[in-house]
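Coordinate-derived values only; no laboratory data. Note that this is a predicted model, so its numbers are computed, not measured. As a convention, Cβ positions derive from the backbone with ideal geometry for all residues, glycine included, and neighbour counts pool all protein chains shown.
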Amino acid sequence: MPIIEVDHLTKEYRLGAMQGLKQTLLNTAARLSGRQVSERPLFKALDDVCFSIEPGEVVGIIGHNGAGKSSLLKMLAKISTPTHGSVKVNGRIAPLIEVGAGFIPDFTGRENVYLNGSIMGLSRKEIDVKFDEIVAFAEMGEFIDTPVKRYSSGMQVKLAFSVATSIDADILIVDEVLAVGDLAFQRKCFDRMEDLIKRQGKTVLLVSHNIRQVERLCSRVILFDKGRILADGEPSPICDHFYEQNDEKVRKDTAAKLSASSKGESSGDVELLSVTFMDAEGTPIERVEFNSDVTLCATFRVGERLVNPIFGLGIHTVDFLYLSTEISENIFENRTYEPGEYVVSLHIRNFPFLPGVYSVRLGINTGELTKNIFYQEGVCNFQVTTANRYRTQSMQEGFVEMKGEWQLKSLA
Amino acid sequence: MLRVATNLYAYRELMITLAWKNIALRYKQAYLGIAWAILKPVTLMLIFTLVKSFVGIESGDIPYPILVFAALMPWTFFQESASDGVNSVVSNTALIKKIYFPREIFPITAVLTKLVELGINFIILAGLMVWYGMMPSAHVLWVPIILAYTMLAALTIAFVGAAINVYFRDMGQALPVLLSLLMYASPVIYPLQLVKDKLLTQQAAGEWSNMLYTLYTINPLAGIIDAFQNVVLRSQPPDLTAMIPGAIMISILLPLSYLYFKRAEAYFADVI
């Protein structure tokens, strides 16, 4: 028998601000007198979702922000009520929806452990028994009688996680908690989660944006998008699919405008018109195939005579980690370019960057001045893709291919 | 009804913990601590006693200060229970959005919390009784029943008010005003006996007098305050005729108020 059954679940929210008492009364009066009232539009946070979870399954729930993950968890935890459809849960749920819910800043750690424990359904006696273990796990021994408001946020989360996982529930809901605390504590949380899952056979729902974590812990992944289930099944292919979707989104979002944090300067003598990639045949492309030959072209207009220009074309990640830069030193020496439009291109053989989203930076200076006459980061975002399925997970394996050669031989 | 009771029993530990939280939170870092709980009835008692010295209110053979204090105890308990109950859901937004347990626990806990402060006021009352040389009689055994009834009256307002307050914060603003009006419509400053004399004995409003008196006692606080004074100070049983109209009113409104709360509860987390 499934432990969680979700049947045609739909959740609608009204968009816009809540109406005040006055507006509500006016609307009611209008409705009573038979006039039309303008309703605020509805938003479907979850749209006809069906799935069921068997006991002992560890299910990862992934999706972009606003895909409906949190709404779903709220429905499972009975915090919110479905608009249509039903949710059946056959067991005790320990919600970890944002640990530390209900921590009171003025209370000491000890008082909060008792308060939080009883909010989660533990009796005072049960907490007495588990208290030492909770404190020991959170490594909070010496601070337990200090008000929580004096704790660092990491300390609060450690304590909260410790309380929440000590509850003897059948179903554990974990919402983005493993990403907190220092590395050593994260390791400990991870071990405890694995212990709960593997040895105690608990059913776990894990919501995270850390896809690698989801892939490692879960036996099943459900991918949500705009309130619907996009995929449900084996973790690896779904996570890969999600990565690709993610990259695509990053590229689209950032392509339109230059990122606010990108640096740039220009003397005004040079105006950048466009930056594009072309494949080996010379046709412009939006995506670059990993390990293929491509040409990176920058079109620009020169306003004032350009003498001995030096170009720099570099590739960086969307969070501005510079990966590589090519500089055209000594190549365009002793040349003068009259005002007009030019294309500078850089041919790259066996494009070496692994699948993911990257960006381009461009710098131009002249031999006469040490200062850049043009410099701009993030001028063109592009996505690198590949058909090789071992290489689909973007940026998990690093950024660059080493082109190494493997060998395995017997020493005997 | 039975289901409500078993539900509450299952959550008794949580309610005790939350009530303890409310009290501890209120008095933490306050130097005078829980002594603040007596500040309100004691100050009001002093003010009313002062006012009485120029207005002249007939208090019978009971000294006015202790009479008014015995009225202020159930009144303050009712008033603070009702207004804390109304605000209890909104002020626990963090919990409402994060975790589920029956939401009626919030108003109920708010009312239970006030019992502790009421208990402290009993010490003051005992002190006053010693001062005036009054002995309690066996009728004080009525006190728990009267207080339980007061809690039901407070919950009647708290349930519906707390639910409305989630949608319209106007409720939280309007309630203190309404409650302070209700104080003048309750026998706090003056004893119920005055109203009784005017309407029932002197028939001051002519043929409307008896009806007006019933209307006055529909306010459950009229019966409660009078009964409390009777059993504690006058060594008399409660005047049931003054309590019945209010009791009928509560027994009709409390279930309605609770049902409204339960219907609205499903959307608290979405709206709050």
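Note: relative contact order over region A:124-187, using C-alpha pairs below 8 Å and six or more positions apart, is 33 percent. With the simple model of a label 7 Å out from the Cα in the direction of the Cβ, B:T93 to A:T24 spans 1.6 nm. By the count of neighbouring beta-carbon atoms within 10 Å, fewest first, A:R31, B:R3 end up ordered B:R3, A:R31. Report summary: the helix-based calculation at 222 nm, which adds -39500 (n - 2.57) for every DSSP H run with n ≥ 4 and divides by the residues of the protein assembly as shown, gives -14000 deg cm²/dmol. Start at zero, step by 10 Å, and the Cα-Cα distances of region A:264-391 spread as 12, 44, 31, 11, 2 percent across the bins.
Here the Gaussian network model covers chain A, with springs between Cα atoms less than 10 Å apart; of A:R361, A:R216, A:R35, A:R35 fluctuates the most. Taking the C-alpha atoms only, the angle from helix A:109-119 to the longest principal axis of chain A is near 70 degrees.
If you rank A:T203, B:T201 by fewest surrounding Cβ atoms within 10 Å, what's the result?
So the ranking, lowest neighbour count to highest, is B:T201, A:T203.
Can you tell me how region A:55-250 classifies by the Cα gyration tensor, rounded, prolate or oblate, using a/c under 1.5 as the rounded cut? Judged from the Cα gyration tensor, region A:55-250 comes out prolate (a/c at least 1.5, a/b above b/c).
Each of B:V42, B:V55, A:V318 was scored by other Cβ atoms within 10 Å of its Cβ. Listed from fewest to most, they are B:V55, B:V42, A:V318. Normalised by the number of residues in chain A, the average gap of Cα pairs under 8 Å and 6 or more apart makes the relative contact order 14 percent. Among A:I119, A:I134, A:I173, the largest mean-square fluctuation in a Gaussian network model of chain A, built with springs joining Cα atoms closer than 10 Å, belongs to A:I119. For the protein assembly as shown, the equivalent ellipsoid derived from the Cα gyration tensor has semi-axes of 70, 30, 25 Å, listed largest first. Looking at chain B as a GNM with Cα springs under 10 Å, which of B:L179, B:L141, B:L125 has the largest mean-square fluctuation? Greatest mean-square fluctuation among the candidates belongs to B:L141. Count Lys and Arg as plus one, Asp and Glu as minus one, and take only other residues whose Cβ is under 14 Å from that of A:P339; the net charge is then -3.
Relative contact order of region B:2-271: what whole-number percent is it, with Cα pairs under 8 angstrom and at least 6 residues apart? Provide the component values of the computation, followed by the final result.
Numbers: 302 pairs, mean separation 66.1, N = 270.
With pairs under 8 Å counted, the relative contact order is 24 percent.
Rounded to the nearest Å, what's the spacing between the alpha carbon centres of region A:114-148 and region B:47-114? Just the number, please. Between the Cα centre of region A:114-148 and that of region B:47-114, the gap is 33 Å. In this structure, the residue pairs whose Cα-Cα separation is over 32 Å, taken from A:K158/B:K28; A:K130/B:K98; A:K198/B:K98; B:K28/B:K97; A:K202/B:K114; A:K69/A:K403, are A:K202/B:K114; A:K69/A:K403.
Give the percent of DSSP beta bridges with both residues in region A:55-250 that are antiparallel, rounded to the nearest 5.
Expressed as a percentage, antiparallel bridges in region A:55-250 total about 25.
With a ≥ b ≥ c the root eigenvalues of the C-alpha gyration tensor of chain B, is it rounded (a/c under 1.5), prolate (a/b larger than b/c) or oblate?
Numbers: a/c = 1.94, a/b = 1.47, b/c = 1.32.
Judged from the Cα gyration tensor, chain B comes out prolate (a/c at least 1.5, a/b above b/c).
With a Förster radius of 25 Å applied to the beta-carbon distance between A:D48 and A:S219, the computed FRET efficiency rounds to 0.50.
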